[in-house]
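K.L.:
Here it is, the structure, as structure tokens.
The numbers here are math on the coordinates, done by the rules we state, and not lab data. Quick caveat: nothing in here was measured; it's all calculated off a predicted structure. Positions of Cβ are generated from backbone atoms using ideal geometry, with glycine treated the same way; all protein chains shown enter the neighbour counts.
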2 protein chains.
Amino acid sequence: MLMTIAKFEARPELRQELLELARMLVEQSRAEDGCLDFGGYRDIMGSDTLLVVGRWIDQGALERHYESAHFQEIVGRFAELLVEALPSVSLYEVVEMDRL
Amino acid sequence: MLMTIAKFEARPELRQELLELARMLVEQSRAEDGCLDFGGYRDIMGSDTLLVVGRWIDQGALERHYESAHFQEIVGRFAELLVEALPSVSLYEVVEMDRL
């Protein structure tokens, strides 16, 4: 199982636009084959950070995600709404150790 | 590096109380020795899911977190605010593979 965590910093004045686009991305990504979970989350501490967390059955599912028309189109429009054009996206090979 | 992701489902009528407690937990956890990152995030799709994501240098740091007075006190008060008393907490041994 792979997990991706992407952190996007919205430009404050474009926060709503980024949220709307992110909601579209969540809906369409959840419908993808091989997507175990996909969600968008806002920082409760008041920053304009948007966290997008995805879980994928394997590398192939993740690559299909990145190559999908909706990902390309939506994330392509993110850039102009962000403080930094390139978001921090971390990809983890995750071995779930334990459920506390 | 270890990562914990905890998902809490707030009772709708107690959503604000949970957020306030979670903010306290974030502030105090960030100050802990061995905590690389700690944040609380709300679901942008409108559910009452609260995601708490922590990154720790090692198992020792994570155990000190769980044994800390503030964790015990704050998370102890979460239970009455949640739909399910026991949150889903997943612990991952994370090997950061790549920054896309």
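K.L.:
How about segment A:2-59: which of its residues are in contact with an Asp or Glu (Cβ under 9 Å, 6 or more places away or on another chain), aliphatic (A, V, I, L, M) and either assigned to a strand (DSSP E or B) or on the phi > 0 side of the Ramachandran plot (or both)?
P.N.:
Once the filter is applied, which keeps residues that are in contact with an Asp or Glu (Cβ under 9 Å, 6 or more places away or on another chain), aliphatic (A, V, I, L, M) and either assigned to a strand (DSSP E or B) or on the phi > 0 side of the Ramachandran plot (or both), segment A:2-59 yields A:2, A:3, A:10, A:50, A:51, A:53.
K.L.:
Moving on to the next point. With respect to residue B:82, determine if the residue is away from chain A (no Cβ under 13 Å) and touching a strand residue (DSSP E or B) at 6+ places or on another chain (Cβ under 6 Å).
P.N.:
So residue B:82 passes the test.
K.L.:
Kindly check whether there is at least one residue in segment B:76-95 that is in a strand (DSSP E or B) and among the charged types (D, E, K, R).
P.N.:
yes
K.L.:
Also: Report, by residue number, each residue of segment A:1-21 that is aliphatic (A, V, I, L, M) and either without any contact (Cβ under 8 Å) to a residue 24 or more places away in the chain or within 18 Å of residue A:34 (Cα to Cα) (or both).
P.N.:
If the condition is that a residue be aliphatic (A, V, I, L, M) and either without any contact (Cβ under 8 Å) to a residue 24 or more places away in the chain or within 18 Å of residue A:34 (Cα to Cα) (or both), then A:1, A:2, A:3, A:5 are the ones that fit.
K.L.:
Of all residues in segment B:27-47 being within 9 Å of another protein chain (Cβ to nearest Cβ) and among the acidic types (Asp, Glu), which is nearest to the chain's Cα centre (by Cα)?
P.N.:
B:27
K.L.:
Answer with yes or no whether residue A:54 is surrounded by 16 or more Cβ atoms within 10 Å (Cβ to Cβ) and of a type in the set (Gly, Ala, Ser).
P.N.:
yes
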